[in-house]
Amino acid sequence: MMVSFFQACLRLGADTAVKLTDDEKAILYGSQGLARQKAMELLVRYGEALGAERLIETNNVISAVNAAYRAPSSGPEVSVEASFAEFNLDSDQPLEIPHVKAYSCRVITGFESENWKVMGFSDEAAAVNRKVEDFCSRIGIHLMNTCAPYLVGNVPVRGEHCAWMESSAVVYCNSVLGGRTNTEGAESSGAAMLVGRTPYWGYHIDENRLGTHLIEIEQQPESVMDWGLLGYFAGESVGESVPVFNGLDRAPDIARLKHCGAAAASSGGVEMYHIVGYTPEAGTLNQAFGKKRPLAKLKFGPAERKSAYDNLISATDNSVDFVMMGCPHYTIEQIWNACKLLEGRQVREGVSLWIFTPRALKSIADKQGLTKIITEAGGHLLSDTCPCISLMFPRGARTAATDSAKHAHYMPAMLGLPTWFGSLRDCIDAAVSGKWRGELK
Ligand code: F3S
């Protein structure tokens, strides 16, 4: 049997730089099989690179399981288990993957599992996806398939240590719920699923969760679009730091918080923000900053709002042929709002309207007739993926429109689509008329 570097160290009595408990050392030494041993090795290596002093227990993991599986037509078949070993556990040897230890959910995927033909996927890709889903189910990964797991039952409590992927989910977890996570990769979250541990660093530590930049609100954000603009401005202004919004005069709802965080994580790398008086770790300004002083004091007023809006618009042609909504995945209320604007109207010929939501909410929308309203209008309610993750969009589309600051930020670069950004009403009007008439009001 090959002896790894870590096993050799432990046999010699040496310690890893990351301090391990006896149970963790036993896993690292192979007491629970090769796959968990590889997972622990990966987490120790990762923790050492990050300067983490120890690991922390987690029972809430969001991870990706999909990318590596190769369809038989594109080369010799690789089993899902083998690709999980390689891409989630960094193992160059095949492993038998055991049942996960931590409560684990699959993040948004690159595939639409019900209406794949609408998005242009092949039946072969559908068969591959089924194999991946079977594998996930067998080892206990829940098929939430969304970037917004907090909409469908994975709602960490304040202080809960998590290991989540997906920037918009991470910023929501830290900021709105008071859960604690860094932005994990497929490898670190894959390993966390198997051993229920993650390195103790970054946003797991109290001090790193304090605010760094103060943003005084001089123009109250009202609409979901406004909250996207506020988040986009914040990310542009603070990069990867922790903005504190002060002066909000009312509580935002889930959709507004979702769009704000996703935008801030796109224009910058914001993983946590505070709203004084509303988010759980910012009851007061003093609580948001602790003993720290703000590195900078900024304001968000009409000029900043306009500048964020201008920076998000990449289209010039007001003929629109692709309208995308549901980034992050739509709440049921957002679907309902779209239906109210769509009912009795028809999407213009030559225009594609795609709305994305978690599969669990899609099933509710199906049952209560919302999907039917969208379909009868000529649009599609889709789940499990989005255009920027799947890299799929309507063939031949030239100009897009969206109500998501995050998708407006990414579509030009990732899909080569010049994009308009606006409100839900602007987007539905564009889908029906084929023309963009939105503006900043
Ligand atoms: Fe989700 Fe895709 Fe947007 S992952 S946050 S819908 S870019």
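What the table below lists for this structure:
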quantity	calculated
Label point 7 Å beyond Cα of Asp366 along Cβ direction - residues of the range 106-146 with amide nitrogen under 13 Å	113-116
Those trypsin sites (Lys or Arg not before Pro) in the range 115-170 that DSSP places in a loop and that have at most 12 other beta carbons within 10 Å	Arg158
Phi-based couplings in Hz for the range 386-402 (Karplus 6.51, -1.76, 1.60; Gly and Pro marked x)	7, x, 6, 8, 7, 6, 10, 8, x, 4, x, 4, 10, 9, 10, 9, 8
Fewest-first sequence of Cys105, Cys260 by Cβ atoms within 10 Å of each Cβ	Cys105, Cys260
Relative exposure of Lys258, Lys291, Lys306, judged by other C-beta atoms within 10 Å (fewest first)	Lys291, Lys306, Lys258
For Phe356, residues with placed amide H under 5 Å, excluding near neighbours	Met325, Gly326, Tyr330, Leu382
Tyr278-Ile205 FRET efficiency (beta carbon distance; Förster radius 25 Å; 0.05 resolution)	0.60
15 Å beta-carbon shell around Gly178, net charge (K/R +1, D/E -1)	-1
Long-range amide H partners of Ala148 with built H, under 5 Å	His329
Cα convex hull of the range 83-194, projected area averaged across orientations, nm²	7.5
Total formal charge among the other residues, if their Cβ is under 13 angstrom from that of Asn286, Lys/Arg +1 and Asp/Glu -1	+2
Label-point separation, Arg158 to Lys306 (7 Å along Cα→Cβ), nm	4.0
Computed helical MRE - 222 nm, the chain, DSSP H runs ≥ 4 contributing -39500 (n - 2.57), nearest 500	-11500 deg cm²/dmol
Amide H within-cut-off set for Thr399, under 5 Å, with H built and near neighbours excluded	Asp321, Phe322
Cα-projected label distance for Ala413 with Glu114, points at 7 Å along beta-carbon direction, nm	3.2
Per-peptide average of other Cβ atoms within 10 Å, ordering 312-318, 277-283, 340-346, 243-249 highest first	243-249, 277-283, 312-318, 340-346
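Since every read-out is calculated from the coordinates, none of them should be taken as a lab result. The shown structure was predicted, so the numbers you read here are calculated from the model rather than taken from an experiment. Cβ sites come from the backbone with ideal geometry, for glycine too, and all protein chains shown count toward neighbours.
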